[in-house]
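S.K.: Dropping the structure in here first, questions after.
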Amino acid sequence: MVRLGRAFGRGLSQPKFQGIRFRLGVALALALLPILLLGAFQAQQQFRDQDIERRQDLQLAAERTAASAKARLDTTSVLLQALRPEALELFCQPRLTALVTRLDGLDGLARVTATGHTTCASQALAANTPPWLADARSTPWFQRLRAGESTVLARAPAVPGQEPGLIVALRLERPLGAFDGAMIAIIPLTALQPDVDDPALPEGSEAALTDAQGRILTATDPDAFVLEGRTQLAGWVDRARTDGSSIFEADSDGRHRVFAGAALAGRDVYALISAPAPGLLSWARLNPVNLLLMPLAAWLAAFLSVMLFSERIVVRWLDYLERVAAIYARGRFSVRPVQAVNAPSEIRVLAKTLDELAENITTRDAALLASVEEKDALMREIHHRVKNNLQIISSLLSMQQRALTDEPAKAAVGDTRQRIAALALIYRTLYQSDDLRYADARIFLTELVGQLIASESGRGHLVTSSVEADSLVVDPDKLAPLALWLVEAVTNAQKHAFAGRGGDLKVRFRVQGEQSLLEVQDNGPGVDETVRAGVGRTLMGAFAKQLRGTVEMVPAEGGGTIARMTFATPEAVIPTDAADLGTQPQPRR
């Protein structure tokens, strides 16, 4: 019963991560994990869809942002169509000058012949003709017009004192299609500045126009288009020329940005938007968070609900039964699991089983206690009768001793009486003790020495005695040889050390771990060889062997003899609580 209780107690004290709460929580978390996985998959899909939408919105915003610039270029192209040489006729320069004056966003108009020379220009251009216009035969835009392109846009080469501009060149042809030069308009780049007021653009967006080589023509913030790898802009222009639009990401101005744009006018001018790259919690990621939070909230709600109901329905009742079982393990069976009447049926069955177990154990313990009490009463009666019988034998021997005239015979009978008295003292000690199964050697030896000295006190000189003994609980089987050895040792001292003179007797009993020591010391003249070989010495050796010990007779300091027995310390098995039959006995010293 005790071993089972201890094993059960060890089971109850397992670490928390091995308990039912932890295991149930892990099982529920794994069972509900598909909800989180589904939410993560849906969130990822939503992220992807929203990223596509964001790129499309950015692309459309780029086209809307450059709408004014595109309108300006389209208007200029229409103007150049209307200003063909046949429409100019006379007064070419005044008419071109008047148009430049009346129209905003024009720096100049000019007519270039098929040989690349300027024949007519507005007043500002005529007064300060830039080198690329004075002789345009070697310029790339003129070569492209001669090759057959109808309209070419190019950045005007920088000239000191003149504002940067964009060349819009229109191919002129003769009636049979031969190249006849070009009409040129110069638009200041400031007039083509893109607009970033579109509400669809994210905060921090910038806009720019680039040429076919990816060089910035104009921008709201040029630093936003300074890329770590300059070739990325040229590569973007190549993709935009092929697909009509393109989106790419790059590092600019110390942060990661997203670039989107489209061809603005033919293959020469492109609109480009630079927006900060969205972070995890930016405007482009906030909407899918709801998609992730909702499954997470559902997972937590389901997990907490199941754990709460499991706690209320199962776990708390198991804890209650565990506390009841722990009380039973400590030997208290008066507590019954009455609160389990409100528990589920399975828990009630378990509680009823525990209640029946406690009832059966209580009934069994009561029967065992009654049996033990009856046995103790019988054993005390037996010990009492044995003690009385030994006393009767001692009295008979006393009568026989008085009838003897032979002194050696009388001495032998007296020694026998003392041995019988020692055995009687053992039984008297047992039936007078609280427990019949053991006795304290210190109390017994003290009383035995007093009895031996008192029995001889009226027959000779005075003998004083002292006992120094450690407490040692032993069973009766070990107590008998210990008592008989002490009787022989004291008797020898009375016969040989104190005969005709009296003296002082010292008895010492020491427990030294695995070994114990019992000494009888007198202050007589010492022991001769005849005493060493006597019957008493033989009996002392026999009693010592029963205790797995040895005997020696050594001289004492200051005179006298010490009879010493060294033996293995006897261990008595004693229950920690004599009234608790369910407790495992333990050795005690």
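The values are calculated or read from the model by the stated rules, or taken from the named source; none is laboratory data. It should be emphasised that the depicted structure is a prediction, and the values quoted were computed from it without experimental measurement. A quick note on method: Cβ atoms are made from the backbone with ideal geometry, for glycine too, and the neighbour counts reach across all protein chains shown. The accessibility values were calculated without ligands, DNA or RNA, using every heavy atom of the protein model including side chains. Shrake-Rupley method; radii C 1.70, N 1.55, O 1.52, S 1.80 Å.
S.K.: Which ones in the stretch 365-381 are in contact with a Leu (Cβ under 9 Å, 6 or more places away or on another chain) and either under 28 Å from ARG428 (Cα atoms) or surrounded by fewer than 14 Cβ atoms within 10 Å (Cβ to Cβ) (or both)?
M.R.: Filtering the stretch 365-381 down to residues in contact with a Leu (Cβ under 9 Å, 6 or more places away or on another chain) leaves 365, 368-369, 372, 375-376, 379-380.
Within the stretch 365-381, LEU368, LEU369, VAL372, LYS375, ASP376, MET379, ARG380 meet the criteria.
S.K.: Which of (1) surrounded by fewer than 16 Cβ atoms within 10 Å (Cβ to Cβ); (2) more than 60 Å from the chain's Cα centre (by Cα) does GLY108 not meet, given it meets every other one?
M.R.: Single failed check for GLY108: (1).
S.K.: Return yes or no: is SER471 surrounded by fewer than 17 Cβ atoms within 10 Å (Cβ to Cβ), at pLDDT 75 or above, at negative phi and under 60 Å from the mean Cα position of the chain (by Cα)?
M.R.: Values: surrounded by fewer than 17 Cβ atoms within 10 Å (Cβ to Cβ): yes; at pLDDT 75 or above: yes; at negative phi: yes; under 60 Å from the mean Cα position of the chain (by Cα): yes.
Yes: the conditions hold for SER471.
S.K.: Here's a follow-up. Kindly list the number of the only condition in (1) within 30 Å of ARG23 (Cα to Cα); (2) open to solvent by 60 Å² or more (accessible area, probe 1.4 Å); (3) at pLDDT 80 or above that fails for PHE309.
M.R.: (3)
S.K.: Right, next: Do we have ARG508 as open to solvent by 80 Å² or more (accessible area, probe 1.4 Å), under 24 Å from GLN451 (Cα atoms) and either part of a loop (DSSP other than H, G, I, E, B) or at pLDDT 90 or above (or both) here? Quick ask: steps written out before the conclusion?
M.R.: On the way: open to solvent by 80 Å² or more (accessible area, probe 1.4 Å): no; under 24 Å from GLN451 (Cα atoms): yes; either part of a loop (DSSP other than H, G, I, E, B) or at pLDDT 90 or above (or both): yes.
So ARG508 does not fit the description; no.
S.K.: Check ARG442, ARG437 and return the single one that is within 60 Å of the chain's Cα centre (by Cα) and modelled with pLDDT of 80 or more. Give the steps one after another, and end with the answer.
M.R.: Values: ARG437 fails: modelled with pLDDT of 80 or more.
Exactly one residue qualifies, and that residue is ARG442.
S.K.: Of all residues in the stretch 193-209, how many are of a type in the set (Asp, Glu) and within 50 Å of the chain's Cα centre (by Cα)?
M.R.: Restricting attention to the stretch 193-209, the residues satisfying the condition of being of a type in the set (Asp, Glu) are 195, 197-198, 203, 206.
After this cut, where a residue has to be within 50 Å of the chain's Cα centre (by Cα) as well, the list is 203, 206.
Residues meeting the conditions: 2.
S.K.: Which of the numbered conditions does ALA207 fail, given that it passes all the others? Conditions: (1) open to solvent by 30 Å² or more (accessible area, probe 1.4 Å); (2) under 30 Å from ARG54 (Cα atoms); (3) in contact with a helix residue (DSSP H, G or I) (Cβ under 9 Å, 6 or more places away or on another chain).
M.R.: Evaluating ALA207 over (1) open to solvent by 30 Å² or more (accessible area, probe 1.4 Å); (2) under 30 Å from ARG54 (Cα atoms); (3) in contact with a helix residue (DSSP H, G or I) (Cβ under 9 Å, 6 or more places away or on another chain) leaves (1) as the failure.
S.K.: Look through ALA182, ALA178, ALA191, ALA240 and report the one residue that is surrounded by 19 or more Cβ atoms within 10 Å (Cβ to Cβ) and modelled with pLDDT of 80 or more.
M.R.: On the way: ALA178 fails: surrounded by 19 or more Cβ atoms within 10 Å (Cβ to Cβ); ALA191 fails: surrounded by 19 or more Cβ atoms within 10 Å (Cβ to Cβ); ALA240 fails: modelled with pLDDT of 80 or more.
After applying the criteria, what remains is ALA182.
S.K.: Counting only residues that are open to solvent by less than 60 Å² (accessible area, probe 1.4 Å) and within 20 Å of ALA424 (Cα to Cα), how many does the stretch 387-410 have?
M.R.: Filtering the stretch 387-410 down to residues open to solvent by less than 60 Å² (accessible area, probe 1.4 Å) leaves 387-388, 390, 394, 397-398, 401, 404, 409-410.
Now narrow it down to the ones that are within 20 Å of ALA424 (Cα to Cα): 387-388, 390, 394, 397-398, 401.
Of the residues in the stretch 387-410, 7 are open to solvent by less than 60 Å² (accessible area, probe 1.4 Å) and within 20 Å of ALA424 (Cα to Cα).
S.K.: What number goes with the only condition from (1) open to solvent by 30 Å² or more (accessible area, probe 1.4 Å); (2) within 19 Å of ILE453 (Cα to Cα) that ARG537 does not pass?
M.R.: Failing condition for ARG537: (2).
S.K.: For the stretch 187-215, name all the residues that are over 30 Å from ALA110 (Cα atoms) and of a type outside the set (A, V, I, L, M).
M.R.: ASP197, ASP198, PRO199, PRO202, GLU203, GLY204, SER205, GLU206, listed by residue number.
S.K.: Turning to a different aspect of this structure: So, in the stretch 555-568, of the ones that are out of contact with any Asp or Glu (no Cβ under 9 Å at 6 or more places or on another chain) and in a strand (DSSP E or B), which residue ends up most open to solvent (accessible area, probe 1.4 Å)?
M.R.: The selected residue is PRO555.
S.K.: Which one of these does ARG137 not meet: (1) open to solvent by 10 Å² or more (accessible area, probe 1.4 Å); (2) in contact with a Gly (Cβ under 8 Å, 6 or more places away or on another chain); (3) under 14 Å from ASP268 (Cβ atoms)?
M.R.: (3)
S.K.: Can you find a residue in the stretch 529-536 that is modelled with pLDDT under 90, in a loop (DSSP other than H, G, I, E, B) and closer than 21 Å to ARG419 by Cα? So that I can check it myself, show each step before the final result.
M.R.: We begin by selecting, within the stretch 529-536, every residue modelled with pLDDT under 90; these are 529-536.
Going one step further and asking which of them are in a loop (DSSP other than H, G, I, E, B), we end up with 533-534.
Remaining after also requiring closer than 21 Å to ARG419 by Cα: 533-534.
Looking for residues that are modelled with pLDDT under 90, in a loop (DSSP other than H, G, I, E, B) and closer than 21 Å to ARG419 by Cα, one finds at least one in the stretch 529-536, hence yes.
S.K.: Give me the residue from the stretch 474-487 that is open to solvent by less than 30 Å² (accessible area, probe 1.4 Å) and touching a residue at least 60 places away in the same chain (Cβ under 8 Å) and, out of that set, farthest from the chain's Cα centre (by Cα). Reasoning before the result, please.
M.R.: Step one: filter the stretch 474-487 for residues open to solvent by less than 30 Å² (accessible area, probe 1.4 Å), giving 474, 479-487.
Among the residues that remain, those that are also touching a residue at least 60 places away in the same chain (Cβ under 8 Å) are: 474, 481-487.
Working: VAL474: 52, PRO481: 62, LEU482: 61, ALA483: 63, LEU484: 66, TRP485: 65, LEU486: 65, VAL487: 69 Å.
Within the stretch 474-487, the match that is farthest from the chain's Cα centre (by Cα) is VAL487.
S.K.: Of all residues in the stretch 153-174, which are in contact with an Asp or Glu (Cβ under 6 Å, 6 or more places away or on another chain) and open to solvent by less than 30 Å² (accessible area, probe 1.4 Å)?
M.R.: In the first step, residues of the stretch 153-174 are kept if they are in contact with an Asp or Glu (Cβ under 6 Å, 6 or more places away or on another chain); the result is 153, 155, 165, 172-174.
Passing the criteria: LEU153, GLY165, LEU172.
S.K.: Another one. Here are THR129, THR118: which of them is among the polar types (S, T, N, Q), more than 27 Å from TYR270 (Cα to Cα) and out of contact with any helix residue (DSSP H, G or I) (no Cβ under 7 Å at 6 or more places or on another chain)?
M.R.: Numbers: THR118 fails: out of contact with any helix residue (DSSP H, G or I) (no Cβ under 7 Å at 6 or more places or on another chain).
The conditions single out THR129.
Yes/no matrix, rows are residues, columns are (1) open to solvent by 60 Å² or more (accessible area, probe 1.4 Å); (2) out of contact with any Pro (no Cβ under 7 Å at 6 or more places or on another chain):
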{"position": "VAL324", "(1), (2)": "no, no"}
{"position": "TYR328", "(1), (2)": "no, yes"}
{"position": "ALA343", "(1), (2)": "no, yes"}
{"position": "LEU350", "(1), (2)": "yes, yes"}
{"position": "GLU359", "(1), (2)": "yes, yes"}
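S.K.: Inside the stretch 83-198, counting only helices (runs of 4 or more DSSP H) that do not spill past its ends, which hold 2 or more residues that are within 29 Å of ALA219 (Cα to Cα)? Give the derivation first.
M.R.: On the way: elements: 85-88, 92-102, 123-127, 131-134, 140-147.
Filter on the stretch 83-198 gives 92-102, 123-127, 131-134, 140-147.
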